[in-house]
Structure formats: structure tokens, C-alpha cells
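Structure first, commentary second.
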Amino acid sequence: MKQNMGLIDKVIRIVVAIIMIVVGYFIRDSYGILSIILFIFAGIFILTSFIGFCPLYLPFKMNTAKKE
């Protein structure tokens, strides 16, 4: 699996995931299913950031990683 995410892309995803986790934590009592969805998306964002590969970039032939 070739990496297709650059450093800035990874950092943005991690920051957005942290925001999703915080928002999901605070709305968990009022909007239970929405907080679960936010936690799932945050987990996906963190996982793809650590792997450095986003499968949604493939159909669009996107690559934010540095060229070798």
C-alpha cells in the first residue's frame, strides 16, 4: 500500500478527529447516535493518518505526499 497523504494532510485529519471526539463527548447524552457516528469518523481519520493512506483518494487519483 503506497502512501498518498502528506504531512499537512495528516495533521489536519488528526486535528479534525480531536474536534470530532470532543464534540461527540459533549453531545453524547442529547444526540447519542450522532456522537457514535462522530467517534467512528474520528477513528477512521486517525487510522488513515497513521497509515498515511486514504482509500478515497484512489478514484480521484489524488496524492498529497511528497514526490520521490
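The values are calculated or read from the model by the stated rules, or taken from the named source; none is laboratory data. None of the values given here were measured: they were computed from a predicted structure. Positions of Cβ are backbone-derived with ideal geometry, glycine not excepted, and every protein chain shown enters the neighbour counts.
Show the residue pairs that are 6+ apart or on different chains and have beta-carbon atoms under 8 Å apart, the first residue being within region 42-68 and on the phi < 0 side of the Ramachandran plot, the second being small (Gly, Ala, Ser) and assigned to a loop (DSSP other than H, G, I, E, B).
Short answer, once both residue conditions are applied: Thr64/Gly6; Ala65/Gly6; Ala65/Gly52; Lys66/Gly6.
Pick from Ile46, Ile40: which is under 10 Å from the mean Cα position of the chain (by Cα), in a helix (DSSP H, G or I) and surrounded by 13 or more Cβ atoms within 10 Å (Cβ to Cβ)? So that I can check it myself, show each step before the final result.
Details: Ile40 fails: surrounded by 13 or more Cβ atoms within 10 Å (Cβ to Cβ).
Of Ile46, Ile40, the one residue that is under 10 Å from the mean Cα position of the chain (by Cα), in a helix (DSSP H, G or I) and surrounded by 13 or more Cβ atoms within 10 Å (Cβ to Cβ) is Ile46.
Residues are listed down the side, and each one gets a yes or a no for (1) at pLDDT 90 or above; (2) assigned to a helix (DSSP H, G or I); (3) within 15 Å of the chain's Cα centre (by Cα):
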{"residue": "Ile12", "(1), (2), (3)": "yes, yes, yes"}
{"residue": "Gly24", "(1), (2), (3)": "yes, yes, yes"}
{"residue": "Ser30", "(1), (2), (3)": "no, no, no"}
{"residue": "Asn63", "(1), (2), (3)": "yes, no, no"}
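Is there any pair linking a residue in region 2-22 that is without any contact (Cβ under 8 Å) to a residue 24 or more places away in the chain to one that is surrounded by fewer than 18 Cβ atoms within 10 Å (Cβ to Cβ) and assigned to a helix (DSSP H, G or I), with Cβ under 8 Å and at least six apart or on different chains, and which?
Ile21/Phe39
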